[in-house]
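Chemist: Here you go, one structure.
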Amino acid sequence: MSSGLPLSPRRRLSGRLHCELRRLGVVQLLALCQALAGGLWIRLTPPRATRERRLAERLARTLGRLRGPFAKLGQFASLRVDAIGPGARAALSELRDRVPPLPFASIAAAIEAELGAPLSILYREIDPVPLGAASIAQVHAAVMHDGRAVAVKVQYPWLAASLPVDLALVRLGVRLTAGRRASRAPWLAEFAGGLREELDFTREAAVAREIAQNLAAESQVVVPRVIESHSALRVLTMERLATIPLAALEARGIPRRPVLEIIVRAYARQIFEDGLFHADPHPGNLFVVDEPEALHSPRVLFLDFGLSKRLAPELVRELRLGILALLRRDLPDFVAGMQRIGAVAPGAEAAVREAVASMFARLAGESGSPLSLSGARVLSLKDEAKRLLYETPGLTLPNDLLLYAKTLSYLFALARELAPDVDPMPLTVPYLLRFLAVRDPA
């Protein structure tokens, strides 16, 4: 681990120069032009069947290197089942885990600038090799002077300054590839707003505290505490516990069923009762606390609250009405709700109604209520719904609703991977029924 030695003037100058070039858009334009040139070559190269995948993979690499709004755009695009093909979505979704880390010199300078003190004063030790790197920040293990183990999440130093030009380039790219109308689409404004929220680490700290409070009665759920004295707008320090990855449970003799049940119930409560939910349930954000009690009473640790969501009350109301219409097989009410949330473009009602009717017909062929479907069947229906979204012109869901659905989808997929013999659907039904029983104000 590093003891936090001061940075050389040369490294500081290099870091400032890079930030300035990012603020002006020079770095981004050069990288995007290089990607565009490579993309044109791929379009001229057979075989045609693999072009979309190769173009998406090349684009994902470029967006990952640029980090920030560009990497986020790739992640965001992977959610847009209504606009992006499956091959491209698969390549872009890997941006969640494959963003290259920034050199530690730049990270150290960012910590010192944000917290106003040398590293050696702030931490007794800090590891220059990151625990992980994502689209807007990377995380380093550290030790406080009182011996507490912590994780330090550090925002890439140029992001705040370069955000206006980055978003302008994103909008220009969307306009060039998808047209003027797409560059004015509501989802682009949602993307920009969501990104500004994620860049505010004080918000993430507040979300972590609120979710911890909401789940305080769940003794087997752990949310790490925020170290307030070492956290600010662009640096977030949280306690670090010894953990066991979900993939290693079997090797450690920890049964998977109780772990999955803890995760599913925690998410069902967040999604259907609390209204504020951790929106990224993948194995890099969920761990079992490494302690002797884990063998018979495991505790699950939730990490990274940057991607969290609180649905607007009007969207919650429409979601409730939509589920009730689905349970009643009431096609007119369901489509009317989609129109109220702006999911149906002008002139597209007939095509959307036909697509939804097709999905209703498939559900009608199932035995029993949709609430009695297995988790595996829900996942298969989800794939059909994604296909309908992509193939139905004029059907565009709000990003918050897509993120809501994606969180549930990730949760069910995680259940299938972690404990295939456990059906998560019965675990979620009690929370869903309580959600549907709420009376909305007239």
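Please treat every number below as a calculation from the coordinates, not as lab data. Quantities reported herein were computed from a predicted structural model and do not represent experimental measurements. Note: ideal-geometry Cβ built from the backbone for every residue, glycine included; neighbour counts use all protein chains shown.
Chemist: Applying the Karplus parametrisation 6.51 cos²θ - 1.76 cosθ + 1.60 with θ = phi - 60° to the phi angles of segment 284-290, what ³J(HN,Hα) value in whole Hz is obtained for each residue in order, glycine and proline being reported as x?
Modeler: Those phi angles translate into x, 10, 10, 9, 9, 5, 7 Hz.
Chemist: Rank the residues Thr392, Thr202 as a footprinting-exposure proxy: fewest other Cβ atoms within 10 Å of their Cβ go first.
Modeler: Working: Thr392 19, Thr202 13.
So the residues, fewest neighbours to most, are Thr202, Thr392.
Chemist: Tell me, in nm to one decimal, what length is gained between Met359 and Val438 on full extension, where the rule is 0.36 nm per residue of separation less the Cα-Cα distance?
Modeler: Numbers: separation 79, 0.36 × 79 = 28.44 nm, distance 2.60 nm.
This chain segment gains 25.8 nm when fully extended.
Chemist: Now for a separate question. Given Cα positions, please report Rg to Rh for segment 105-240, the hydrodynamic radius being the Kirkwood one. Could you put the intermediate results ahead of the total?
Modeler: Details: Rg = 17.8 Å, Rh = 16.7 Å.
Computed over Cα atoms, the ratio is 1.06.
Chemist: Take the alpha carbon gyration tensor of segment 242-442, find the square roots of its eigenvalues, order them as a ≥ b ≥ c, and report rounded if a/c is under 1.5; if not, report prolate when a/b exceeds b/c, else oblate. Walk me through the numbers on the way to the answer.
Modeler: Working: a/c = 2.15, a/b = 1.91, b/c = 1.12.
In terms of gyration-tensor shape, prolate.
Chemist: Classify segment 221-335 as rounded, prolate or oblate from the Cα gyration tensor: take a ≥ b ≥ c as the square roots of its eigenvalues, call it rounded if a/c is under 1.5, otherwise prolate when a/b beats b/c and oblate if not.
Modeler: oblate
Chemist: Could you list Tyr404, Tyr410, Tyr123 so that the one with the fewest beta carbons within 10 Å of its beta carbon is first and the one with the most is last?
Modeler: Details: Tyr404 20, Tyr410 15, Tyr123 26.
So the ranking, lowest neighbour count to highest, is Tyr410, Tyr404, Tyr123.
Chemist: A further question on this structure: Return His296, His140, His230 ranked ascending by Cβ neighbour count within 10 Å, so the fewest neighbours appear first. Write out the running numbers ahead of the final one.
Modeler: Numbers: His296 9, His140 26, His230 20.
Ranking His296, His140, His230 by Cβ neighbours within 10 Å, fewest first, gives His296, His230, His140.
Chemist: Hey, another quick one. Taking square-rooted eigenvalues a ≥ b ≥ c of the alpha carbon gyration tensor, is segment 204-253 rounded, prolate or oblate, where a/c under 1.5 means rounded and, failing that, a/b exceeding b/c means prolate? Could you put the intermediate results ahead of the total?
Modeler: Values: a/c = 3.13, a/b = 1.62, b/c = 1.93.
It comes out oblate by the Cα gyration axes.
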